[in-house]
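First comes the structure, then the notes that go with it.
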Amino acid sequence: MNSCLAIDIGGTKMAAALICDGVISYLTQIKTPSSTRPEAMDEALTELISGLDKDADFIAVASTGIIHNGILGALNPVNLGGLNNYPLKSKVQEISQRPVYVINDAQAAGWAEYKSLPQDISNMAFITISTGVGAGIVINNKLLTGSRGIAGHAGHVLADPNGSRCGCGRRGCVESIASGTAIGNAGKVLWGEHCDGKYVYKKFLEQDPQAQKIIQRSAQTIANLVADLSITLDVEQVVLGGSIGLAPGYIELVRHCLDEFPPAHQSRLSTAACGADAGLIGAAQWALSLQK
Ligand SMILES: [Zn+2]
């Protein structure tokens, strides 16, 4: 019972992989439908799963959004084209006729990163800084999913009470300051509409002072989040991932800000090891752990 078809549903791409004993043997991806019609997601899932599931004992799905009782909900209505209250688990079950496990993508990636830590650690947090800011938290060797599936949405804790409105509806969330999208938006004000997070980061690496200010603000915000998680949950290690989290020089900036805090607020920092497949691998590993 260990051959898994893992699926990762992101805002722009949906990936599927056959995973056996933690090794990916086949990987494919399609575009996430932009339509809010649930039928569009039904069709995309059928396209992704059909043919691949014949070799799988079970299916593990990691998805952006909130997963509660197998239903996909949106914290940010803009994500997944506004698809809300989508019966993800039962739909995949209907398509594949296999046991199905469904989990939030950052939680899944956090589990994969936790499993790949070289040291024997019981408490850790994974923070991904990419289009948005997400997290997966492991306490006493257990992945926190929460009573409503929300656990780990650390990108939506407060960073600036006077900050701009976040996609979740609150003002001044970490995500609205530190994410790649927020970095791009700050750059648009200076360099025009074509600007995105990647462009600002390139200028940062070229030592542009305004880009340095934007990236520094992002890193300071993430350092505050690391400190909040450390003092609240007493995590031994915080792993940073995502395109911004893994960008050259970023973790050093966060570490530098973190060094300014009292020791109880500090935590060991490292970069993610599992790369873009962390959601797929983590979902498969997590589903397997539930079967034991
Ligand atoms: Zn928010």
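Is there a residue being more than 18 Å from S96 (Cα to Cα) and not basic (K, R) anywhere in segment 36-57? Yes, because at least one residue in segment 36-57 is more than 18 Å from S96 (Cα to Cα) and not basic (K, R).
Quick check: is even one residue across segment 138-153 part of a helix (DSSP H, G or I) and crowded, with 17+ Cβ neighbours inside 10 Å? Walk me through how you get there before you give the answer.
The first filter runs over segment 138-153 and keeps only residues part of a helix (DSSP H, G or I), leaving none.
No; the residues of segment 138-153 include none that is part of a helix (DSSP H, G or I) and crowded, with 17+ Cβ neighbours inside 10 Å.
Kindly evaluate G169 against the criterion of being more than 20 Å from F126 (Cβ to Cβ), within 16 Å of the ligand (Cβ to nearest atom), small (G, A, S) and outside any helix (DSSP H, G or I). Here the answer is yes, as G169 does meet what is asked. Put simply, of P209, P263, P248 the only residue that is within 20 Å of the chain's Cα centre (by Cα) and assigned by TED's automatic domain parsing to the domain that holds C166 is P248. Can you find a residue in segment 181-197 that is touching a residue at least 40 places away in the same chain (Cβ under 8 Å), under 20 Å from G249 (Cβ atoms), more than 16 Å from the ligand (Cβ to nearest atom) and assigned to a helix (DSSP H, G or I)? Yes, because at least one residue in segment 181-197 is touching a residue at least 40 places away in the same chain (Cβ under 8 Å), under 20 Å from G249 (Cβ atoms), more than 16 Å from the ligand (Cβ to nearest atom) and assigned to a helix (DSSP H, G or I).
Across segment 3-27, the number of residues qualifying as in a loop (DSSP other than H, G, I, E, B) and exposed (fewer than 14 other Cβ atoms within 10 Å of the Cβ) comes to 2.
Is it fair to say V61 is more than 22 Å from L240 (Cβ to Cβ), over 15 Å from the mean Cα position of the chain (by Cα) and more than 16 Å from the ligand (Cβ to nearest atom)?
Details: more than 22 Å from L240 (Cβ to Cβ): yes; over 15 Å from the mean Cα position of the chain (by Cα): no; more than 16 Å from the ligand (Cβ to nearest atom): yes.
When the stated conditions are applied, V61 does not pass them.
Take G249 and decide whether it is among the small types (G, A, S), touching a helix residue (DSSP H, G or I) at 6+ places or on another chain (Cβ under 8 Å) and closer than 22 Å to I137 by Cα. Taking the combined requirement at face value, the residue does not satisfy it. Checking each residue in segment 57-75 for being in contact with a Lys or Arg (Cβ under 6 Å, 6 or more places away or on another chain) and of a type in the set (A, V, I, L, M) picks out only I59. From the list V200, V226, the one residue that fits, being over 20 Å from T64 (Cβ atoms) and either in contact with a strand residue (DSSP E or B) (Cβ under 7 Å, 6 or more places away or on another chain) or outside any helix (DSSP H, G or I) (or both), is V226.
The values are calculated or read from the model by the stated rules, or taken from the named source; none is laboratory data. Values in this document were obtained by computation on a predicted structure and should not be read as measured data. Quick reminder, even Gly has a Cβ in these numbers, built from the backbone with ideal geometry, and neighbours come from all protein chains shown.
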